[in-house]
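K.L.:
Got a structure here, written out as structure tokens. Questions coming.
The values are calculated or read from the model by the stated rules, or taken from the named source; none is laboratory data. Just so you know, these numbers come straight off a predicted model, no measurement behind them. We place every Cβ from the backbone using ideal geometry, glycine too, and count neighbours over all the protein chains shown. Each accessible area value is taken on the protein alone, full model and side chains, heavy atoms only, with ligands, DNA and RNA left out. Shrake-Rupley method; radii C 1.70, N 1.55, O 1.52, S 1.80 Å.
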Amino acid sequence: MSENNEETTTIGARLKAARTAKGLTIDDLQQITKIQKRYLIAIEDEQFDKLPGDFYVRAFVKQYAETVDLDGNALLEEYRDQLPSVHTETIVENVDEVQPTRVASRGQPASPASRVRNYLPTIIVTAIVVLILLFIWFMAVRTHAGSSSSTSADSSSVQVSSSKKQSSSSKASSSAKSSSKASSAKEQTIKANGSSDTAYTLTNGADKNKVVIKSTKAAWTSVTTNGTQTWQGTLKADGSHTLTLPSNATTVKFQFGNATATTVTINGKAFNFNPKNSTSQVRTITLTIK
């Protein structure tokens, strides 16, 4: 009995117990956190020397803890004697910011061609500003000349011009009303494809649909547009992420690692991707845009 108590007081055993209680396997955890499986196993076995560095030990432990609904900061403080120390502790909020396999690029002397490329955006912006200023100057001169000639027109021409402006204004007002009625008739809708609770269709959306993903707990989410991953990451508790889908988007796949703690809005309207109140945490939802 004493041996069991001693085992569960270690950080590795506590994390493993929390993972098991949530019904997650090591492979599930790897998919949600994007931390390599061998590092997750090393954390549970407390073989911290197998991780790429002391910083990543604390970062990965915190990420692991929040994914299994433990307080990452409190856990690090409680087991600080069992973990390697670092000079500056950094809270990692998104697994995309911690990639142990990424090698820092080494600085190399810039070549003349590289220096030209660095200044090229500034040159282009300056040229555009100059062109805009020249255009404004040209329009000001043209307007001044036009106003000078208009002062010599007789009263009849002024009346004709006024009537034309009124006619143009009424036409513009009528066109605006028609446009307003047409736009109000097209209301965005998201409906399930038949009885499916994993496939939906969006109609009358925007040219570039704005998607906001929020979570009440630590939750990993992936968004893939037309077969290409648009964004993926892990939100912390009460976190959110906003992204804009490209105008040519026809199919969007959402993968949720903690679906019950995640909400999605599209163009400011809620996307109820769980109408049957499924308790499954790991879910894949497909949205077709028409």
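K.L.:
So which of LYS186/LYS276; LYS210/LYS290; LYS34/LYS236; LYS34/LYS269 end up more than 20 Å apart, counting from Cα to Cα?
P.N.:
Working: LYS186/LYS276 27 Å; LYS210/LYS290 15 Å; LYS34/LYS236 15 Å; LYS34/LYS269 30 Å.
Beyond 20 Å between Cα atoms: LYS186/LYS276; LYS34/LYS269.
K.L.:
Name the residue from THR279, TRP231, THR244 whose Cα lies farthest towards the positive end of the charge dipole of segment 206-290, charges +1 on Cβ of Lys and Arg and -1 on Cβ of Asp and Glu.
P.N.:
The listed residue farthest towards the positive side: THR279.
K.L.:
Heads up, I need the accessible area for ILE123: 1.4 angstrom probe, whole protein in place, Å², nearest 10.
P.N.:
For ILE123, the solvent-accessible surface is approximately 100 Å².
K.L.:
Any chance you could check the Cα centroid distance between segment 230-290 and segment 19-68 for me, in angstrom?
P.N.:
25
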